[in-house]
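A short worksheet on the structure shown next.
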Amino acid sequence: MGSVEAANKDANGSLTEKNPTVVFVLGGPGSGKGTQCANIVDNFQYTHLSAGDLLRAEIKSGSENGTMIQNMIKEGKIVPSEVTIKLLQKAMKESGNDKFLIDGFPRNEENRAAFEKVTGIEPAFVLFFDCPEEEMERRLLSRNQGREDDNIETIRKRFKVFLESSLPVINYYDAKGKVRKINAARSVEEVFETVKGIFGPKNEKAE
């Protein structure tokens, strides 16, 4: 067990020494954050890490850790913050980059506190794609007619969960002046114009 802890400390140490820039990306289902993350990666050389994708990849790998995650999800349990954070740390270390967009995490206040405690990293800022519920519904229903989890009741449930769990995180960072709120109800191009203003050299150096 000691060697695992030592390995984690090493992962922590190398990340903290590099002093990485971390941006949390939050937005409800259908807010368009995935598209904007891809644009930020292309234009500003960030590495995009999706907490959900990392968990799915770990499950697919068939590792002991992946089996544990799969069983927890099957039983309707929430995957512990530490598990997701370790996957994020590993991906950050392996990327060789020092600028990260962390998408869909922290999902709640407990995630947030655990991330800062485990990694010692505070985000440079939080990118919040603010989109009215009606617009998200319209986008999801028109985009994903084939996806069974995109019926109207499910969408409303997902939106409600997002609001209830993520708003405390947004409020916490807002009080520190770290939230960059973006009106995501506009076209992809218009939204990216605003995003570019936030990620321009001036803002990055100021953070």
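Quick notes on this structure:
- Simple spin-label estimate for Leu167 and Ile73 gives 2.8 nm between the two label positions (7 Å along the Cα-to-Cβ direction from each Cα).
- Inter-probe distance in nm under a simple model that places probes 7 Å from Cα toward Cβ, at Glu64 and Glu190: 5.3
- Cut-off 14 Å, label 7 Å out along Cα→Cβ of Glu82, residues of the stretch 19-52 by amide N: none
- Ranked from largest, the principal axis spans of the Cα set of the stretch 21-199 equal 43, 36, 30 Å.
- Applying 0.36 nm per residue to the separation of Glu153 and Asp42 and subtracting their alpha-carbon distance, the gain on full extension is 36.5 nm.
- Built amide H within the under 5 Å cut-off of His48, gap 5+: Leu101
- Spin-label pair Glu122-Glu109: with each label point 7 Å from Cα along the Cα-Cβ axis, the two points sit 1.8 nm from one another.
Read the figures in this text as sums done on the coordinates, not as results from a lab. The shown structure was predicted, so the numbers you read here are calculated from the model rather than taken from an experiment. A quick note on method: Cβ atoms are made from the backbone with ideal geometry, for glycine too, and the neighbour counts reach across all protein chains shown.
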